[in-house]
Amino acid sequence: MIDTETQSLSPRLLVVDDDKIMRTLVIRGLTDAGFTEIREAEDGLAAKAYLTEHTIDLVITDMMMPGLNGLELIRWAKQHSPEIVWILFSSLGTFDAAVEAIHLGAFDFLAKPPNLKELEISIRNALAQQQLVAEKESLHRSLEQRVLQLEGLCRILGDQAEQI
């Protein structure tokens, strides 16, 4: 589970794009927005290797890259790092690609080059949603435990009622 306190202070981001200029632009914009834990990968294969070794909260990836594209990277990560939140961007901007990205679990799909303010808002919204989901799961587990406790007490009271 994600440490939401650490995440809100310093979420771990990975920027994946085969275009060095685009990576630099995005990283500079995110740094200016106050994000400090930003890593980069030059393509999907490098990102896959990085994700195998490190914990990341959110990945911002280009859709079209040689070797392993953004959608293929998400498909791989669903099996290996399902807790990661995804934001994709592409110069293609096709509706079908966006639908497939969202279907795979991406939080957002932005046109390339991304508007840095929109990207910042999308990242903050994605992380907030991730935190809400984690809190919901925690509350659900707590509720399940409480129900089990109450069921046990009901059995005890039922047994005592029969004895009386």
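The values are calculated or read from the model by the stated rules, or taken from the named source; none is laboratory data. Computed from a prediction, not measured in an experiment: that's the story for all the values here. Here the Cβ is made from the backbone with ideal geometry for all residues, glycine too, and neighbour counts use every protein chain on show. Each accessible area value is taken on the protein alone, full model and side chains, heavy atoms only, with ligands, DNA and RNA left out. Shrake-Rupley method; radii C 1.70, N 1.55, O 1.52, S 1.80 Å.
Counting only DSSP beta bridges with both residues in the chain, what percent are antiparallel, rounded to the nearest 5?
Counting only bridges with both partners in the chain, antiparallel ones make up about 0 percent.
Full extension of the chain between GLN163 and ARG124 yields a length gain of 8.2 nm, computed as 0.36 nm times the residue separation minus the alpha carbon distance.
Projecting each Cα onto the charge dipole of the chain (Lys/Arg +1, Asp/Glu -1 at the beta carbon, about the Cα centre), which of THR31, LEU153, ILE74 comes out farthest on the positive side? In the chain, that residue is THR31.
Roll a 1.4 Å probe over the protein chains and send me the accessible area per residue for region 42-90 in Å².
Value for region 42-90: 41 Å² per residue.
Candidate cross-link partners of LYS112 among the lysines, defined by an alpha-carbon separation under 25 Å and a same-chain spacing of 8 or more, comprise LYS20, LYS48, LYS78.
Estimated at 0.36 nm per residue, the fully extended path between CYS154 and LEU116 surpasses their Cα-Cα distance by 8.0 nm. In a reduced charge model with +1 at each Lys and Arg Cβ and -1 at each Asp and Glu Cβ, the chain shows a dipole moment near 120 debye about its Cα centre.
Within the chain, the whole DSSP H helices whose Cα atoms reach 24 Å or more along their own axis and whose mean Kyte-Doolittle score is at least -0.5 are 116-163. Hydrodynamic estimate: the Kirkwood radius of region 40-80 over Cα pairs, inserted into Stokes-Einstein at 10 °C and 1.306 mPa s, corresponds to D of 157 µm²/s. Taking every Cα-Cα distance in region 70-163 and sorting them into 10 Å bins from zero, the calculated P(r) comes out as 14, 30, 22, 12, 10, 8, 3, 0 percent. Once Kirkwood radius over Cα pairs in Å is calculated for the structure shown, the corresponding label among (1) 17.5; (2) 19.4; (3) 16.8 turns out to be (1). Per-peptide packing, taken as the mean over residues of other Cβ atoms within 10 Å, places 27-38, 52-63, 135-146 in the sequence 52-63, 27-38, 135-146 from highest down.
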